[in-house]
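First up is the structure itself, then whatever we jot down about it.
Only the coordinates and a few stated rules stand behind these numbers; no lab work does. What you are looking at is a predicted structure, and each value in this text was computed from that prediction instead of being measured. Here the Cβ positions follow ideal geometry from the backbone for every residue, glycine too, while neighbour counts run over all protein chains shown.
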Amino acid sequence: MMRKNKLDKSKLLALGDRFRIYILFGVIFIFMSLFAPRFFNSYNLTTILRTVSMNATIALGFTIVMICGEMDLSIGRTATFAAVIALTLQKKFGYGISVPIAVLAGAGVGLLNGILVAKIKINSFIVTIGTMTILQGATYTITGGNSVSLSGDKVFAISDFLAKPLLPMLPPRVLLTILFVVVFHLFVSNSQWGRNFYMVGGNRTTAWLAGINTDRITITAFILSSTMAAVAGILFAMESSAATLNMGDNSLMYVVSATIIGGTAMSGGKGGILRSVVAVLSLEMLYTGTILFGFGNEVKIFISGLILALVVLYEAYASYKHEKTIGQRAVLLEELAQAKEKI
Amino acid sequence: MNGIQKVDTRALQTNRFSKLLSSIGIYAIAALFIVLGVVLQSMGIINNFLTTQNMMNIVDAVALLGIVAVGMAFITYSGHYADLSAPTTIALTGIVSVELLRFGFIPAIMGAVVVGLIIGIINGIVIGKFKANPIIWTLAMSYVSMGVIRFVWVNKQIYPDVITDDPFPVMLFDNIYRFRFFNAISLPLIIMLVLVVVGQFILKRTAFGAQLKLTGSAKRTAKFSGINVELMIALAFIISAFTTTIAGLAITSLSRVGAYYNGAGYDFRAVTAIVIGGMTLAGGRGSIIGVLGGTLVIGLMNNIMTLLGVGTFSQDIIRGAIFILVVGINAKTLRSMGRDDA
């Protein structure tokens with residue numbers, strides 16, 4: 001009887017752990033709606049959805065890289081880089097040409113990252129720190145150290161179109177993001193390629209022995225990550241008709257924390273697209289909430305840094321505990337505990 | 001074959017390139033850069049390379065970077081890549097020291113060292129004990145330190161001479177960077193040289209150095225042979241935080257202002273110096289003398305690029321490319337020789 005009860009409890013805990021991000025989302029949403037001033041109204045919710053679009057889009061590709069067991073620290077800078085390219089070239093050729101070029105540039109960054117990681121076999125943390133520095137230099141060189149802004153009726157018409165709600169609370173940019181989320185979610189959870197990402201992240205050798213071209217999977221993951229970062233940056237810049245040189249700098253911290261909170265393990269092989277997106281949304285609500293409570297931007301920076309640190313620490317501690325109990329059977333441990341109790 | 005077993009000698013051969021990059025060869029590259037500078041000057045492409053002032057500029061820049069790199073080299077040596085929290089540690093210790101200058105010079109220094117050591121100890125515990133990924137953790141740590149700076153000081157820049165009316169501590173603080181023995185040798189240079197000598201001694205001549213080497217090259221083996229691996233890693237991070245704190249004091253003294261942006265870029269420059277100085281990111285290889293050479297090369301390269309009129313940001317591109325190239329070649333040659341890879 002007692003035994004059964006315990007099992008139920010552990011099952012419940014496992015279930016809670018599995019859905020923890022959705023629970024967290026609900027808790028934050030209800031809390032903020034009840035207590036944060038001016039939180040629950042369509043204007044604020046639209047703003048949240050609009051702001052979250054960029055990081056949610058970046059999180060899509062980044063989650064795939066994490067599922068593969070790699071890391072892409074260059075996402076934020078890739079977003080800025082692509083945005084700057086799109087806007088600079090717009091002046092000469094218009095969006096019709098500049099946007100595809102910028103997306104391709106983003107994909108090129110991913111290809112470079114992927115080849116260096118998969119073929120040359122350099123640790124992905126190291127590679128992406130290198131490309132991060134290169135991209136920052138490139139961005140500053142392209143713009144001469146100034147932010148880029150556009151003007152003109154056509155450009156503003158596009159900005160307005162992207163930002164104005166088409167359906168209630170849903171401007172085209174948010175709708176586009178939702179479309180990306182759905183496509184990526186279906187791709188990762190329902191396709192052969194998607195499963196291969198999990199295989200490679202879970203155990204590279206096994207995946208290779210099973211006949212998966214692990215190098216190609218890794219490179220694809222990096223290309224998807226950089227491309228989505230580029231798309232996110234470009235859309236953000238198009239909506240505001242401007243690109244600042246540090247627009248993507250906060251995204252790294254944001255997306256990394258969100259992805260880990262969402263349950264995608266840094267060791268790879270675990271996680272999901274939807275969970276990351278929900279986590280990004282939860283974080284955004286939390287940050288907006290702190291601003292609405294009257295705290296300044298510096299508090300937001302402080303809290304977001306603290307959250308990333310806590311999340312990384314939690315993940316490290318969990319794997320530390322897991323490592324300690326590896327090879328020890330839960331049932332035996334339980335018996336041992338009972339024996340101790342008797343004594 | 002005649003009963004003699006053929007031994008795979010690939011692992012025993014030394015690759016010419018990696019030999020070039022190993023500790024002594026890096027000074028040849030540094031010398032090459034000096035020759036390049038002289039040649040460019042004689043061709044009239046750059047001016048003022050071979051002047052006392054410029055040489056002193058190079059040495060001063062190398063001294064600051066060297067102080068950070070020597071400490072961070074311990075982390076690389078222990079197989080934990082780098083400390084990305086270095087720039088914010090520089091900023092935080094600097095701003096704390098300026099703030100505490102109102103209580104005098106000694107409290108300012110002590111305060112900075114305490115803050116630096118706290119950061120080092122936190123890094124050491126989380127990465128050593130809980131095995132967090134060093135890059136992502138130190139990145140998180142840098143955001144936390146930045147958050148603390150923004151939280152406490154908002155966006156303020158604080159100046160030593162505004163903080164206190166007493167000119168004496170301000171004078172002392174200004175002289176951390178500006179004091180020169182015989183009007184030539186700056187205090188940071190002496191600190192760096194002392195750190196290099198002590199660091200080289202610790203790494204190559206003490207039990208701690210040997211244990212750190214084993215920790216870096218074969219962690220499991222180190223653990224099973226009774227080395228307190230967790231402590232070794234933690235100490236590496238504490239040493240790095242300590243030298244970064246010294247650099248933080250010197251840099252803040254140089255700029256005469258405590259602000260959140262002090263020290264930006266020092267993390268990546270230090271790793272690049274370490275890597276081209278012959279320390280592989282896989283850990284357990286290289287020496288502090290080599291790191292000094294790497295720092296020298298970075299300093300010379302920056303100086304020549306600046307004289308050539310290459311912008312600060314374009315220099316980032318070149319530095320990043322060189323970093324990836326060196327790491328990539330290192331990894332490839334090590335692997336083709338049948339050793340581990342970075």
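If each DSSP helix of 4+ residues adds -39,500 (n - 2.57) and the sum is divided by the residues in chain B, what number results at 222 nm, nearest 500 deg cm²/dmol? Please list the in-between numbers first.
Working: 15 runs with 240 residues, N = 342.
My calculation for chain B gives -23500 deg cm²/dmol from helical runs alone.
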Simple spin-label estimate for B:Thr206 and A:Leu209 in nanometres, 7 Å along Cα-Cβ:
4.5 nm
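Rounded to the nearest 20 Debye, what is the dipole magnitude of the range A:35-303 about its Cα centre when Lys and Arg each give +1 and Asp and Glu each give -1 at the C-beta?
Numbers: 16 positive and 9 negative charges, 62 e Å.
The calculation lands at about 300 debye.
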For chain B, built as a Gaussian network whose Cα springs stay under 10 Å, the top-fluctuating residue of B:Ile324, B:Ile288, B:Ile58:
B:Ile324
At A:Asp17 and B:Leu308, where each label point lies 7 Å from the Cα along Cα→Cβ, what is the point-to-point distance in nanometres?
5.5 nm
Which aspartates and glutamates does A:Lys324 reach when only Cα atoms under 19 Å apart count, and residues fewer than 8 places away in its own chain are ignored?
A:Glu315, A:Glu334, A:Glu335, B:Glu230
Here the net charge surrounding A:Gly114, from other residues whose Cβ is less than 15 Å away from its Cβ (Lys, Arg +1; Asp, Glu -1), is +1
Over the protein assembly as shown, with a single point scatterer placed on each C-alpha, what log10 of the ratio I(q)/I(0) does the Debye formula yield at q = 0.06, 0.08, 0.11 1/Å?
-0.37, -0.67, -1.25
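For the range A:73-163, which trypsin sites (Lys or Arg not before Pro) pass both filters: DSSP loop (anything but H, G, I, E, B) and at most 13 other C-beta atoms within 10 Å? Walk me through the numbers before you get to the answer.
Details: sites: A:Arg77, A:Lys91, A:Lys92, A:Lys119, A:Lys121, A:Lys154; in loops: A:Lys119, A:Lys121.
Answer in residue order: A:Lys119.
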Around A:Phe81, with a cut-off of 15 angstrom between Cβ atoms, what is the net charge of the other residues, counting Lys and Arg +1 and Asp and Glu -1?
-2
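In this model, which of B:Lys129/B:Lys204; B:Lys131/B:Lys213; B:Lys129/B:Lys219 are farther than 20 Å apart at the alpha-carbon?
Numbers: B:Lys129/B:Lys204 25 Å; B:Lys131/B:Lys213 18 Å; B:Lys129/B:Lys219 13 Å.
Flagged as over cut-off: B:Lys129/B:Lys204.
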For chain B, built as a Gaussian network whose Cα springs stay under 10 Å, the top-fluctuating residue of B:Gly111, B:Gly44, B:Gly79
B:Gly44
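How big is D, in µm² s⁻¹, for the range B:203-326 by Stokes-Einstein at 10 °C and 1.306 mPa s if Rh is the Kirkwood radius over C-alpha pairs?
After rounding, the answer is 97 µm²/s.
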If you find the alpha carbon centre of the range B:188-204 and of the range B:98-113, how far apart are they in angstrom?
25 Å
Which three lengths, in whole Å and largest first, does the range B:281-339 cover when its Cα atoms are put on their principal axes?
43, 23, 13
Give the residue list of chymotrypsin sites (Phe, Trp or Tyr not before Pro) in the range B:157-243 that are DSSP loop and have at most 15 other beta-carbon atoms within 10 angstrom.
B:Phe179, B:Phe182
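Grab the DSSP H runs of chain A that are 4 residues or longer, score each as -39,500 (n - 2.57), total them, divide by all residues and round the 222 nm result to the nearest 500 deg cm²/dmol.
My calculation for chain A gives -26500 deg cm²/dmol from helical runs alone.
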HN-Hα J couplings of the range A:234-245 from phi, Karplus 6.51/-1.76/1.60, θ = phi - 60°, integer Hz, Gly and Pro as x?
5, 4, 4, 5, 5, 5, 9, 6, 7, 9, 8, 7
Value of Rg/Rh across the range A:35-303 [Cα atoms, Kirkwood radius]:
0.98
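Using a cut-off of 11 Å between beta-carbons, work out the net charge of the residues near B:Phe151 (Lys and Arg +1, Asp and Glu -1, B:Phe151 not included).
On the way: positive: A:Lys300, B:Arg150; negative: A:Glu298.
For residues surrounding B:Phe151, the net value is +1.
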